[in-house]
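Worksheet for the structure shown next.
The values are calculated or read from the model by the stated rules, or taken from the named source; none is laboratory data. Here the structure is a predicted model, which means the values were calculated and not measured. Note that we place each Cβ from the backbone using ideal geometry, even for glycine, and neighbour counts take in every protein chain shown. When the accessible area is computed, the model is the full protein with side chains, heavy atoms only, and any ligands, DNA or RNA have been set aside. Shrake-Rupley method; radii C 1.70, N 1.55, O 1.52, S 1.80 Å.
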Amino acid sequence: MEILDNAITHVEKDNMRGLIVHNDAQHFSCGVNLQGVRGFIESKDMDGLDRFLNHFQQTVHRMSVAKFPVVVAPVGMSLGGGFEVVLHAKEVISHANSVMGLVESVVGVVPGGGGCKETLYRWVEKLNGSADNSGDKDISEACWKAFMNLGMGTTASSPILAEDQAMLRNNDHFMMNRDSILPAAINAINNPVNQVAFNRPPLTLPGKPLFEKMVTWLQESHEKRHFMAHDVIVGTEMARIVTGGDVAPGTIWSEQDFFDAERRSFQTLALTEATKERVATMLDNGSPVRN
């Protein structure tokens, strides 16, 4: 993220035309450095973890509100934190075989780099035709959609499926030929639409009534043996973020409120023994324990 942060500053300082985030590796990114996160957890350095997450959030936010085009061109897998970078692009030019999604729930945490926030906004946009839900527009359905995507760690095995799941927008594009991706991304820099800052409007949240319904659904699903015990804890934090948690219906949250909620939930889960076990087994054995 330091490289990306510096790149944004460089474009601003030198008044360049735009920024393309791309690499020529097999995969775009399979997430943040989980070993680094493990270090914060094991040393109980929650302040350090909070600074790490805040820097991630503010960097991707800079991408979306930049006064110049920011185009992300992913190939292969874009998962977890890698996909959070994709979510904050003004335009995405991906390979047809791209795999995308937020899979943090499997290791017992929530997406902490704007992924929960952006998933909710994307579903509001897809269902209502606009990310603005002011007035009488109820976003409960969008909250449920975001809750399920995040809690299930939903992935899309193609850009077409990603658009169906509100992971990509209809102004994003994909290329069949991998060699065509970078030239297409360069052309996208000249798109006047991408010159506009990608500001997110405040959202009016359903609050406590919907949050409690989601928690009840999680508990009942656990009783039916659909989920493990810790899945209920992780899912509760997902629900807390997308609904506002214990706030009153009609409470208005800004983009920063969602960022703050993500960091709080991430830290809450990081302190649990079950999440520590999932992270450790993922790193040591290549697969997280089901607990």
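Quick look at the values:
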| item | result |
| --- | --- |
| Extreme residue, surrounded by the most Cβ atoms within 10 Å (Cβ to Cβ), among residues of segment 223-232 that are in contact (Cβ under 8 Å) with a residue 60 or more places away in the chain and among the aliphatic types (A, V, I, L, M) | M228 |
| Residue that is farthest from H230 (Cα to Cα) [pool: residues in segment 252-277 that are open to solvent by less than 40 Å² (accessible area, probe 1.4 Å) and more than 20 Å from the chain's Cα centre (by Cα)] | T272 |
| Subset of segment 141-166 that is assigned to a helix (DSSP H, G or I) and under 17 Å from P74 (Cβ atoms) - its residue that is most open to solvent (accessible area, probe 1.4 Å) | I160 |
| Selected residue (criterion: modelled with the lowest pLDDT) from residues of segment 41-55 that are of a type outside the set (D, E, K, R) and open to solvent by less than 50 Å² (accessible area, probe 1.4 Å) | I41 |
| Segment 56-82 - residue that is of a type outside the set (D, E, K, R) and open to solvent by 20 Å² or more (accessible area, probe 1.4 Å) and, of those, nearest to E255 (Cα to Cα) | H61 |
| So V234, is it assigned to a helix (DSSP H, G or I) and over 23 Å from E125 (Cβ atoms) | yes |
| Number of the condition not met by S29 [criteria: (1) open to solvent by 50 Å² or more (accessible area, probe 1.4 Å); (2) in contact (Cβ under 8 Å) with a residue 12 or more places away in the chain; (3) hydroxyl-bearing (S, T, Y)] | (1) |
| Test: residue in segment 64-80 that is of a type in the set (S, T, Y) and in contact (Cβ under 8 Å) with a residue 40 or more places away in the chain | yes |
| Sole residue being modelled with pLDDT under 95 and assigned to a loop (DSSP other than H, G, I, E, B), chosen from G36, G31 | G31 |
| Matching residues, segment 99-131, being surrounded by 24 or more Cβ atoms within 10 Å (Cβ to Cβ) and either without any contact (Cβ under 8 Å) to a residue 12 or more places away in the chain or in a loop (DSSP other than H, G, I, E, B) (or both) | L102, G108, V109, V110, P111, G112, G113, G114 |
| Per-region count, segment 167-176, residues open to solvent by less than 80 Å² (accessible area, probe 1.4 Å) and more than 24 Å from T243 (Cα to Cα) | 3 |
| Those residues of segment 83-98 which are closer than 23 Å to M152 by Cα, assigned to a loop (DSSP other than H, G, I, E, B) and open to solvent by less than 10 Å² (accessible area, probe 1.4 Å), in sequence order | H88, S98 |
| Subset of segment 189-222 [open to solvent by less than 30 Å² (accessible area, probe 1.4 Å), at pLDDT below 95 and in a helix (DSSP H, G or I)] | N194 |
| Cβ pairs under 9 Å, 6+ apart, first in segment 256-272 and in a loop (DSSP other than H, G, I, E, B), second surrounded by fewer than 23 Cβ atoms within 10 Å (Cβ to Cβ) and of a type in the set (K, R) | L271/K44 |
| Scan of segment 48-67 for residues that are within 13 Å of the chain's Cα centre (by Cα) and among the aliphatic types (A, V, I, L, M), ordered by number | L53, V60 |
